[in-house]
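Q: First the structure, then my questions, so here it is.
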Amino acid sequence: MLFAYHEMGHACMEAILKMGAPITALFTHRDDPHEEIWWSSCAELAARHRIPVHIDESVETAAANIGALEPSIIYSFSYRHLIPENVLALASLGAFNLHPSLLPAYRGRAPVNWVLVNGERETGVTLHHMVARADAGDIVGQRAVAIDDSDNALTLYRKLVPLGVELVDELHPKIVAGIAPRRKMDISKGSYFGRRKPEDGRIDWRWPARRIFNLVRAVTHPYPGAFCFVGGRKLMVWAAKIGAETGTLAPPGEVVREAADGALEVAAGEGSVIVKVAQFEGGVEGNARDALSQAGRVKDTIQFD
C-alpha cells in the first residue's frame, strides 16, 4: 500500500510497479492551485494501473478499510501527513518512509530547501521505518549526493529522485524477504526543521553575500521566491550569484555595478550579490536592470523595510 505524492512519489511508485509488486491502494493529495505544479501525478499513474485511489481522504477514518486490505508493506513517498500509529501497525512486514535528507539531519519539513538555506555541501535520501514521531524510526538505507553552487531547490530535488528509486530497487526485495538492514536512529545527533513560509524568503542585505545567495536558490521557482523591497514595492529575486564573498563595497542594499546582461551587483553586509533575474510583484519577470527600471531606481539603494 502506498501513501505517495509529488515527483519522488511518482518515481518510486513506478519502480515498485516495474518490480511487479502488488499495490492494493494509493493515498495521495489533490494538487494545490497556489503551487507551481511541475511533477508527475501519482493518481494518474495509479488509475492507469487500475489501483484504487484515495485523494485527501482521512487516514484515520479509513483505518478499518485499510486493515481489511491486509497490507504487508506500507510505503510513504512524499506524503504530506503523518500516518497514525494504528495504521502503521497494520503492515505485517513494516511501514517505511523515504525522506529527502541524510537522517537524523533535517528531520521535518522542506529539507531540500533548508539544506540550501543553511549552506550544506551534502544531502541525500533515507529509507526508514515509520513510527509515531516524524522521521525518527530505524534507518534501512541511505544515499548521499554533493550540493554544488549551481544547485537550486529544483535541481537538487531532481538529483535526489533517482537516489530514492535506487534505494527502493535495492531494498524492497530485502524487506519482502525479511533481511533488510536496520540501524537505530539517534535523533539527538540530528536536527529538525519546520515548514517554510513565504515570509521566510525576506532578504536582509546586511547578511553576508553567501547567506543571501543561499536563500535565493533555496526558494526560487517553483517555490515562492526570495524578496526585498524597493521604494516600498516588493521585488522578487529569482536568480543570483555571489559577486564577492568578503569586503564592504557600499552600504548594504546599494546597487554598485550594472552588467551588460542586465544583472546588478548589490552590496551585502559582507561582499556582494549579483542579482540576475527579478520581478516586481504583479510585474514581468526579467533581468534585474529592466525590473528596477520599472520604478526608475536602477542606481539607488534597495530598501529592505
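Computed from the coordinates by the stated procedures, all read-outs in this text should not be read as laboratory data. Just so you know, these numbers come straight off a predicted model, no measurement behind them. A quick note on method: Cβ atoms are made from the backbone with ideal geometry, for glycine too, and the neighbour counts reach across all protein chains shown.
Q: Name the lysines eligible as straight-distance cross-link partners of residue 18: C-alpha to C-alpha under 17 Å, and not fewer than 8 places from it in the same chain.
A: 174
Q: How do the peptides 158-171, 182-195 rank, highest first, by the average count of neighbouring beta carbon atoms within 10 Å per residue?
A: Numbers: 158-171: 18.7, 182-195: 12.7.
The peptides rank, most packed first, as 158-171, 182-195.
Q: Work out from phi, with θ = phi - 60° and the Karplus expression 6.51 cos²θ - 1.76 cosθ + 1.60, the ³J(HN,Hα) of each residue of region 268-281, listed in order in whole Hz, and give x for Gly and Pro.
A: 10, x, 9, x, 8, 10, 8, 7, 9, 10, 8, 6, 6, 4
Q: Further question on the same structure: If the reach is capped at under 14 angstrom between alpha carbons, list the aspartates and glutamates near residue 184, excluding any in the same chain fewer than eight residues apart.
A: Straight-distance partners of residue 184: 135, 138.
Q: Here is a further query. In debye, nearest 20: dipole of region 54-119 around its Cα centre with unit charges on the Cβ of K, R (+) and D, E (-)?
A: Roughly 360 debye, rounded to the nearest 20.
Q: Calculate the dipole size of region 2-193 relative to its Cα centre from +1 charges on Lys and Arg beta carbons and -1 charges on Asp and Glu beta carbons; express the result in debye to the nearest 20. Walk me through the numbers on the way to the answer.
A: On the way: 17 positive and 23 negative charges, 111 e Å.
Dipole size: approximately 540 debye.
Q: I've got another one for you. For residue 257, enumerate residues with amide H under 5 Å from its amide H, sequence gap 5+ or separate chain, H modeled in the peptide plane.
A: For residue 257, whose amide H was placed from the backbone, the distant partners under 5 Å are 265.
Q: Give the residue list of trypsin sites (Lys or Arg not before Pro) in region 28-116 that are DSSP loop and have at most 10 other beta-carbon atoms within 10 angstrom.
A: Answer in residue order: 30, 50.
Q: Can you compute the FRET efficiency between residue 30 and residue 257 using 1/(1 + (r/R0)^6), with r the Cβ-Cβ distance and R0 = 51 Å? Round to the nearest 0.05.
A: 0.65
Q: Excluding residues on the same chain fewer than 8 positions from residue 241, give the lysines whose Cα lies under 27 Å from its Cα.
A: Within the straight-line cut-off, residue 241 pairs with 159, 197, 276, 299.
Q: Going by average Cβ density within 10 Å per residue, which order do the peptides 220-231, 17-28, 54-65 take, highest to lowest?
A: 220-231, 17-28, 54-65
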